[in-house]
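First, the structure itself, so that you have it in front of you.
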Amino acid sequence: MCNCVSWDVILPERRTQMGASRPKGSIRILSESGNVEYASVPALVARSMARKKKAGELVDVSREDLLLALRNCALSCAKNRIARLATRRDYSSREVHTRLANDGFEEDIANEALLWATEVSLVSDKRFADCFVRSKISAGWGINRIERELQNKGVDTRSLDGWPHEYLDPDNEYERALEIALRKHVREPNAYAKIVRFVAGRGFSYGIATRVASQVLNKDTQNVWS
């Protein structure tokens, strides 16, 4: 004999702060004996379960079967969330995991969905790193900043085939930095310090930044910065 439960959905309130974690919904479960429990779920899952409730699904089910269906729903929602993200651009594994966590998905659901996404190539750290590096080189970033930002996104450049020599010539960093600096107009006073900060902020070494500042301010190029 099935110890059936009834259930309903409490949808979350709308999020009020940009960038904050999404508010969660709840599944309220009522047993035949009158006991009530609440299962906190991400907003995406709450809305999906509300649609199932409206369609008349999961009627006369046990608590165990309901919780299993709830987990399967959460996993499906997490996979769909990743698939939607993948239509916009490439994301690193860490970025995807952070998105799922902010959506309110539990760690095991996020990990399982992310494993699936990597197996079907929706998420690839190598592909993400390749696109990221090429775009930032075009934007004039130096090696140091590229490596630092990739590290923040959970990608070690040592895992990127051919880094850095297949993407740029490390011995050409000075020339790249000088070219970028010559596009920048800095007014006196403190032009030297401003150039150094600008070049170093782009991810070039301090040594290169000081050499570039000296070159830019010499008699051949000083007019560019005046």
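Checking the conditions here, which among LYS54, LYS24 is exposed (fewer than 13 other Cβ atoms within 10 Å of the Cβ) and not acidic (Asp, Glu)?
Numbers: LYS24 fails: exposed (fewer than 13 other Cβ atoms within 10 Å of the Cβ).
Among LYS54, LYS24, only LYS54 is exposed (fewer than 13 other Cβ atoms within 10 Å of the Cβ) and not acidic (Asp, Glu).
Output the number of residues of region 60-74 satisfying the condition of being surrounded by 11 or more Cβ atoms within 10 Å (Cβ to Cβ) and not in a helix (DSSP H, G or I).
Total meeting the criteria: 2.
Answer yes or no as to whether GLU119 is surrounded by fewer than 21 Cβ atoms within 10 Å (Cβ to Cβ), over 12 Å from the mean Cα position of the chain (by Cα) and free of Cβ contacts under 8 Å to residues at least 12 places away in the same chain. So that I can check it myself, show each step before the final result.
On the way: surrounded by fewer than 21 Cβ atoms within 10 Å (Cβ to Cβ): yes; over 12 Å from the mean Cα position of the chain (by Cα): yes; free of Cβ contacts under 8 Å to residues at least 12 places away in the same chain: yes.
Against the criterion (surrounded by fewer than 21 Cβ atoms within 10 Å (Cβ to Cβ), over 12 Å from the mean Cα position of the chain (by Cα) and free of Cβ contacts under 8 Å to residues at least 12 places away in the same chain), GLU119 qualifies.
Does any residue in region 185-209 that is closer than 15 Å to ASN172 by Cα come within less than 7 Å, Cβ to Cβ, of a residue that is in a loop (DSSP other than H, G, I, E, B) and polar (S, T, N, Q) six or more places away or on a different chain, and which pairs are these?
So the pair list comes out empty.
Oh, and also: I'd like the residue in region 135-165 that is under 24 Å from VAL196 (Cα atoms) and charged (D, E, K, R) and, out of all such residues, is surrounded by the fewest Cβ atoms within 10 Å (Cβ to Cβ).
ARG148
Within region 70-112, can you find the residues that are more than 25 Å from PHE132 (Cα to Cα) and among the aliphatic types (A, V, I, L, M)?
Listed by number, the residues that qualify are LEU70, ALA74, LEU75, ILE109.
Among the residues of region 139-193, count how many are over 28 Å from ARG94 (Cβ atoms) and of a type in the set (Gly, Ala, Ser).
Looking only at that region, the number is 4.
Within region 96-106, restricting attention to residues that are touching a helix residue (DSSP H, G or I) at 6+ places or on another chain (Cβ under 8 Å) and of a type outside the set (Val, Ile, Thr), which residue is surrounded by the most Cβ atoms within 10 Å (Cβ to Cβ)? Walk me through it before giving the result.
Here is the first cut: in region 96-106, the ones touching a helix residue (DSSP H, G or I) at 6+ places or on another chain (Cβ under 8 Å) are 96-97, 99-101, 103-106.
Now narrow it down to the ones that are of a type outside the set (Val, Ile, Thr): 97, 99-101, 103-106.
Details: HIS97: 20, ARG99: 16, LEU100: 24, ALA101: 14, ASP103: 18, GLY104: 22, PHE105: 26, GLU106: 16.
Across region 96-106, the extreme among qualifying residues is PHE105.
Residue-wise test of (1) of a type in the set (Val, Ile, Thr); (2) surrounded by fewer than 16 Cβ atoms within 10 Å (Cβ to Cβ); (3) modelled with pLDDT of 95 or more.
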{"residue": "ILE29", "(1), (2), (3)": "yes, no, yes"}
{"residue": "ALA39", "(1), (2), (3)": "no, no, yes"}
{"residue": "MET49", "(1), (2), (3)": "no, no, yes"}
{"residue": "SER76", "(1), (2), (3)": "no, yes, yes"}
{"residue": "ASN80", "(1), (2), (3)": "no, yes, yes"}
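The values are calculated or read from the model by the stated rules, or taken from the named source; none is laboratory data. All values derive from a computational prediction rather than experimental measurement. Glycine gets a Cβ as well: all are built from the backbone with ideal geometry, and neighbour counts include every protein chain shown.
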